[in-house]
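To start, the structure itself, in structure tokens.
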There are 4 protein chains.
Amino acid sequence: MHDLVTSSLPDIQQSPDRRGVAIERVGISNLRYPLSVLDREHGSQQTTATLALSVALPAEIKGTHMSRFIEVLSSYQGVLSTQSLPEFLARLRERLKAPVAQIDVSFPLFLGRAAPATGKSALMDYTCALSAEDDGTHVDIVQRVEVHVASLCPCSKEISDYGAHNQRGRIDIAVRTAREADGTPSMIWFEELIELAEQSASSPLYPLLKREDERHVTMAAYDNPAFVEDILRNVAVRLREDARISWFDVGVTNFESIHNHNAFARVSWVRPGA
Amino acid sequence: MHDLVTSSLPDIQQSPDRRGVAIERVGISNLRYPLSVLDREHGSQQTTATLALSVALPAEIKGTHMSRFIEVLSSYQGVLSTQSLPEFLARLRERLKAPVAQIDVSFPLFLGRAAPATGKSALMDYTCALSAEDDGTHVDIVQRVEVHVASLCPCSKEISDYGAHNQRGRIDIAVRTAREADGTPSMIWFEELIELAEQSASSPLYPLLKREDERHVTMAAYDNPAFVEDILRNVAVRLREDARISWFDVGVTNFESIHNHNAFARVSWVRPGA
Amino acid sequence: MHDLVTSSLPDIQQSPDRRGVAIERVGISNLRYPLSVLDREHGSQQTTATLALSVALPAEIKGTHMSRFIEVLSSYQGVLSTQSLPEFLARLRERLKAPVAQIDVSFPLFLGRAAPATGKSALMDYTCALSAEDDGTHVDIVQRVEVHVASLCPCSKEISDYGAHNQRGRIDIAVRTAREADGTPSMIWFEELIELAEQSASSPLYPLLKREDERHVTMAAYDNPAFVEDILRNVAVRLREDARISWFDVGVTNFESIHNHNAFARVSWVRPGA
Amino acid sequence: MHDLVTSSLPDIQQSPDRRGVAIERVGISNLRYPLSVLDREHGSQQTTATLALSVALPAEIKGTHMSRFIEVLSSYQGVLSTQSLPEFLARLRERLKAPVAQIDVSFPLFLGRAAPATGKSALMDYTCALSAEDDGTHVDIVQRVEVHVASLCPCSKEISDYGAHNQRGRIDIAVRTAREADGTPSMIWFEELIELAEQSASSPLYPLLKREDERHVTMAAYDNPAFVEDILRNVAVRLREDARISWFDVGVTNFESIHNHNAFARVSWVRPGA
């Protein structure tokens, strides 16, 4: 074995363990690393990720070899995506001699956003994440996005002579993809989930708004009031309609502009038969 | 109904909804409030909590009445505990006219800790949390503690002529309690989970250590090396032995003193037959 | 000396140091502890604080005795306030044999807030903080409050046919108090700074609002638009008018409901002659 | 003016203000954006930054034009550095018609680090930051680095028969650069500050350590004990010796492995005559 060749020092981790506790995940977390990720418009983009890499540890082995996670990661040259994750996890399983390998990676994705009236464009950041587990027979992948939006309160609008309280909110979407006929996971762009979220609120947010744009956004939000429950349901209805999705968990949080606490709503769903 | 009596303004939340999405949780979050919690030594202690309160919303109703969560909370005078939660959730269900009510509350619990040699004592903080759900027939309660400890690396000790890297770590324990013969949930003190965690690491932490104490703690940790996997297994073995516990999820994180990232391990377990 | 009486172990901290670097602050931080603080309505209230305690260390001494900070804190029984801080710092200076002692303490203060139409009341949390330094001849005290408010954009209101974007914002006020004729620091209640902040924005926030209240708050904010610059200036004008204040630093941050970034403004000021 | 050409909507921000409060900073914060930064080994590296951009606002003007900050940033194509900041700030001042412009930008910098025995290399992240202000006659620049290190307690080592508590710590360095004979600011690489910090602690951290390396690091830290005060003084002595530095502020925090709180020390310094 590699480590025995390079070292005459004892390998405590390989000692037997008799407590009878198989460990689901053991590894490293809170690791920042530069990565390339998929970008629908430009092919890929360079970003900075925060990662956890782990493996399952059988009950009879004392410890895993933590340095190997870094070795696999630092030798990886590809673009991280739902398509490339299976190969990455296979490398982890092989290098760690583990039955199961897992990855959790989150990163900002920067997308160009054009203002609604002037068309002026700038980049906006969206936190995206991938969680995947390879148990040797199957690779399970969950994609997540955090999308900030504007919500305008229908109750406030209805009961007031003028105005309506509105605020920034956050939509958290997690989806598990179904499989295509050939067994590969369906492809869903982060960009698709982000657009779906933005279309489910009172208004999207924008990085750059001139006065004409601000007028447009102000009135569009007023014309489209939505409770936290409405935004959640708008997202849920559209995710259910997408056959590529076998499971989802959606949360919506409004940073209420009339309260010091937040309003939130949450729902999860499994496609019947999935 | 209360709100119709006090107001002639339209109640948009009571409008029908046709999207067909029942919502699992809708309510308020990130709310700070002063609360009394159980304290094994002193009966109760005053602390400051962060809460989320929510209900399930049937598919056919547009929205919940957010202000009622605050009304129920602000009228509550009791000591929050696994024993008093069922009554609190029953009030939420009734006031919100909801089939299911949930609470998530976390708070610092301050416990006296005596130094191991001099016996000098001071308070140490532990973050504790309760999550509970009442669906009308059953109240499900999960207790959580975050316990900081010291871990000393067995590999570093074994392969080095002197010294061993050690570090602060965190043990996160979540347990679901089984039921007694009379159907009530078993009583588990947060203090019990905290002590179990502290005994599972290389050494507990202390708020106040004089030199004699520091000598004691230094050598005790060196005499008791433990990988992140060892700490996790020590905790898991003891939780499995406790018949009051029907499920647990345990995570251990070491803030490695040789790396800029963390080492972690995690396992969950359901009591057979539970 | 105390530590030599109780211990025969060497006192490394008392070794001489020849690097010629006097240290401004050395001590402990990120310490959570329960404390009583002043409450204008009820005399005092119990809360949970996060503290840093430190001393200055002369260039020729190697180290301070960290455990003594905890000893002083854990033996303290009083209500922490601008009035009691000088005695607390004097104890720290004496116990640590230090020329200068400092404290930084922050905590949630809970105040009853009545809804503007129904009068229904509940508690709202405000993060307050005290920083103080005793150099043996003078005790310098800075009080801080974080107050969340609502802001409604004047530009959005003016350029739109209806509606106006609004959002939650945060006002951060730090003030240094002047001295009365007898040399004692002027008394300023946290409650005064909080009210001043709330009156400087488009609307205060409330913990509990029924529909009549929500109507009131919605229209009051629309009637009182304010840029982040306006809120800052409203606060600054009032602080300058208060002769008890010798210095201030104010920041305002709006969590824009049309953008994914914040708007902010900041100004500091010293009373001429102070 | 640009905005009047593109819009017939009223420009509320340009209204006069009579409160007499000149604002030091008004702008945008918490903005994430992809940026290129200097890299001593590779010329530049792509990273993701968090920015605040602001200007001073004269007392007689009501508001600034927030969208222009994004316009300047999104049109910027260069590598951000102490060398390029003056031009960037000049653009901000011109576009915002402001007397003073400021930037605060922080980002992870990834540097290759080789293990001390095997030489195996991987990337490690360091949070770096630049704060700069251009008041029309002068550009003031402050560079900051956060460097995580290991510290081993000299007291614990001395008073114990074996072992010594050690832990991860963080060194925060801020420096203001002096000017060269031609008036330009001196060039200091972030890499230089990072190395200085790593050499001032008991041991640097590493991203990748095999067993031979772990043995080396364990014993090196034991051979090099340092209090939080020692690390601070080691850094301060070296910064004072560097004629390119006219001011510094240094903080060291140890995440104590025997306590649930941290130990910290802090000092600032101005070069005599600077």
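The values are calculated or read from the model by the stated rules, or taken from the named source; none is laboratory data. Not measured: the values here are computed from a predicted model. Note: ideal-geometry Cβ built from the backbone for every residue, glycine included; neighbour counts use all protein chains shown. With ligands, DNA and RNA removed, areas are computed over all heavy atoms of the protein, side chains included. Shrake-Rupley method; radii C 1.70, N 1.55, O 1.52, S 1.80 Å.
Can you name the residue in the stretch B:7-16 that is within 7 Å of chain A (Cβ to nearest Cβ) and out of contact with any His (no Cβ under 9 Å at 6 or more places or on another chain) and is also most open to solvent (accessible area, probe 1.4 Å) among such residues? Break it down into steps so the answer makes sense when it comes.
Just the residues of the stretch B:7-16 that are within 7 Å of chain A (Cβ to nearest Cβ), to begin with: B:9-10, B:12-13.
Those left that are additionally out of contact with any His (no Cβ under 9 Å at 6 or more places or on another chain): B:9-10, B:12.
Details: B:L9: 34, B:P10: 55, B:I12: 28 Å².
Looking at the filtered set, the residue picked out is B:P10.
Based on what the data block shows, is B:A164 under 30 Å from D:R211 (Cβ atoms), in contact with a Gly (Cβ under 8 Å, 6 or more places away or on another chain) and surrounded by 18 or more Cβ atoms within 10 Å (Cβ to Cβ)? Can you show your working first?
Details: under 30 Å from D:R211 (Cβ atoms): yes; in contact with a Gly (Cβ under 8 Å, 6 or more places away or on another chain): yes; surrounded by 18 or more Cβ atoms within 10 Å (Cβ to Cβ): yes.
Taking the combined requirement at face value, the residue satisfies it.
What residue, of D:S186, D:S151, is open to solvent by less than 10 Å² (accessible area, probe 1.4 Å) and either more than 14 Å from chain B (Cβ to nearest Cβ) or of a type outside the set (G, A, S) (or both)?
Values: D:S151 fails: either more than 14 Å from chain B (Cβ to nearest Cβ) or of a type outside the set (G, A, S) (or both).
Checking each option against the conditions leaves just D:S186.
Output the qualifying pairs, or none if there are none: Cβ atoms under 8 angstrom, residues six or more apart or on different chains, first residue in the stretch D:215-238 and of a type in the set (D, E, K, R), second residue open to solvent by less than 40 Å² (accessible area, probe 1.4 Å) and assigned to a helix (DSSP H, G or I).
D:R215/B:S156; D:R215/B:I159; D:D230/D:P154; D:R238/D:L196
It is to be established whether one or more residues within the stretch A:243-251 are among the polar types (S, T, N, Q), out of contact with any Asp or Glu (no Cβ under 8 Å at 6 or more places or on another chain) and within 14 Å of chain C (Cβ to nearest Cβ).
Here is the first cut: in the stretch A:243-251, the ones among the polar types (S, T, N, Q) are A:246.
Now restrict to residues that are out of contact with any Asp or Glu (no Cβ under 8 Å at 6 or more places or on another chain): A:246.
Add one more test, that the residue is within 14 Å of chain C (Cβ to nearest Cβ), and what stays is none.
For the stretch A:243-251, residues among the polar types (S, T, N, Q), out of contact with any Asp or Glu (no Cβ under 8 Å at 6 or more places or on another chain) and within 14 Å of chain C (Cβ to nearest Cβ): absent.
Identify, please: which residue in the stretch D:200-251 is polar (S, T, N, Q) and out of contact with any helix residue (DSSP H, G or I) (no Cβ under 9 Å at 6 or more places or on another chain) and is, among those, surrounded by the most Cβ atoms within 10 Å (Cβ to Cβ)? Quick ask: steps written out before the conclusion?
So the first thing to find is which residues in the stretch D:200-251 are polar (S, T, N, Q), and the list is D:200, D:202-203, D:218, D:224, D:234, D:246.
Applying the additional criterion that residues be out of contact with any helix residue (DSSP H, G or I) (no Cβ under 9 Å at 6 or more places or on another chain) yields D:224, D:246.
Working: D:N224: 15, D:S246: 17.
Looking at residues that are polar (S, T, N, Q) and out of contact with any helix residue (DSSP H, G or I) (no Cβ under 9 Å at 6 or more places or on another chain), I get D:S246.
Filter the stretch A:157-176 for residues that are in contact (Cβ under 8 Å) with a residue 40 or more places away in the chain and within 9 Å of chain C (Cβ to nearest Cβ) and give the result.
A:K157, A:A164, A:H165, A:N166, A:Q167, A:R168, A:G169
Checking A:A115 against (1) within 11 Å of chain C (Cβ to nearest Cβ); (2) crowded, with 22+ Cβ neighbours inside 10 Å; (3) in contact (Cβ under 8 Å) with a residue 24 or more places away in the chain: exactly one of these is not met. Which one?
(2)
Go through A:R168, A:R176 for me and flag whichever is under 11 Å from the mean Cα position of the chain (by Cα) and modelled with pLDDT of 95 or more. Don't jump to the end; show me each part of the working.
Details: A:R168 fails: under 11 Å from the mean Cα position of the chain (by Cα).
Just a single option satisfies the conditions, and that option is A:R176.
Just name the residue that is surrounded by the fewest Cβ atoms within 10 Å (Cβ to Cβ) out of those in the stretch C:92-112 that are among the hydrophobic types (A, V, I, L, M, F, W, C) and assigned to a loop (DSSP other than H, G, I, E, B).
Going through the stretch C:92-112, the residues among the hydrophobic types (A, V, I, L, M, F, W, C) turn out to be C:92, C:96, C:98, C:100-101, C:103, C:105, C:107, C:109-111.
Okay, now just the ones that are also assigned to a loop (DSSP other than H, G, I, E, B), so C:98, C:100.
Values: C:A98: 23, C:V100: 19.
The selected residue is C:V100.
Can A:L89 be described as part of a helix (DSSP H, G or I), under 19 Å from A:V37 (Cβ atoms), within 21 Å of the chain's Cα centre (by Cα) and in contact (Cβ under 8 Å) with a residue 40 or more places away in the chain? Spell out the reasoning first.
Working: part of a helix (DSSP H, G or I): yes; under 19 Å from A:V37 (Cβ atoms): yes; within 21 Å of the chain's Cα centre (by Cα): yes; in contact (Cβ under 8 Å) with a residue 40 or more places away in the chain: yes.
For A:L89, the condition - part of a helix (DSSP H, G or I), under 19 Å from A:V37 (Cβ atoms), within 21 Å of the chain's Cα centre (by Cα) and in contact (Cβ under 8 Å) with a residue 40 or more places away in the chain - is met.
What residue, of D:E146, D:E180, D:E191, D:E195, is more than 10 Å from chain B (Cβ to nearest Cβ), open to solvent by less than 30 Å² (accessible area, probe 1.4 Å) and not aliphatic (A, V, I, L, M)?
On the way: D:E146 fails: open to solvent by less than 30 Å² (accessible area, probe 1.4 Å); D:E180 fails: open to solvent by less than 30 Å² (accessible area, probe 1.4 Å); D:E195 fails: open to solvent by less than 30 Å² (accessible area, probe 1.4 Å).
Of D:E146, D:E180, D:E191, D:E195, the one residue that is more than 10 Å from chain B (Cβ to nearest Cβ), open to solvent by less than 30 Å² (accessible area, probe 1.4 Å) and not aliphatic (A, V, I, L, M) is D:E191.
Out of the residues in the stretch B:253-274 meeting the condition of being buried (at least 21 other Cβ atoms within 10 Å of the Cβ) and more than 9 Å from chain A (Cβ to nearest Cβ), tell me which one is farthest from D:Y206 (Cα to Cα).
Residue satisfying both the conditions and the ranking: B:N254.
In the stretch A:42-83, which residues are within 8 Å of another protein chain (Cβ to nearest Cβ), buried (at least 21 other Cβ atoms within 10 Å of the Cβ) and free of Cβ contacts under 8 Å to residues at least 40 places away in the same chain?
A:M66, A:S67, listed by residue number.
Filter the stretch D:127-142 for residues that are within 17 Å of D:R179 (Cα to Cα) and within 14 Å of another protein chain (Cβ to nearest Cβ); which is surrounded by the fewest Cβ atoms within 10 Å (Cβ to Cβ)?
D:S131
Would you be able to say whether some residue in the stretch C:201-216 is in contact with an Asp or Glu (Cβ under 8 Å, 6 or more places away or on another chain), closer than 23 Å to C:A115 by Cα, among the aromatic types (F, W, Y) and at pLDDT 95 or above?
Yes: one or more hits.
Out of everything in the stretch C:24-41 that is more than 12 Å from chain B (Cβ to nearest Cβ) and closer than 22 Å to C:F190 by Cα, what residue ends up being surrounded by the fewest Cβ atoms within 10 Å (Cβ to Cβ)? Steps first, please.
Our first condition is that a residue be more than 12 Å from chain B (Cβ to nearest Cβ); within the stretch C:24-41, this holds for C:24-27, C:29, C:38, C:40-41.
Those still in the list that are closer than 22 Å to C:F190 by Cα too: C:38, C:40-41.
Working: C:L38: 20, C:R40: 11, C:E41: 8.
Among residues in the stretch C:24-41 that are more than 12 Å from chain B (Cβ to nearest Cβ) and closer than 22 Å to C:F190 by Cα, the one surrounded by the fewest Cβ atoms within 10 Å (Cβ to Cβ) is C:E41.
Spot the failing condition for B:M124; the list is (1) open to solvent by 40 Å² or more (accessible area, probe 1.4 Å); (2) in contact with a strand residue (DSSP E or B) (Cβ under 9 Å, 6 or more places away or on another chain); (3) not β-branched (V, I, T), and only one is missed.
Result: B:M124 fails condition (1) only.
Only residues that are over 22 Å from A:A174 (Cβ atoms) and touching a residue at least 60 places away in the same chain (Cβ under 8 Å): list them for the stretch A:92-112, please.
A:G112
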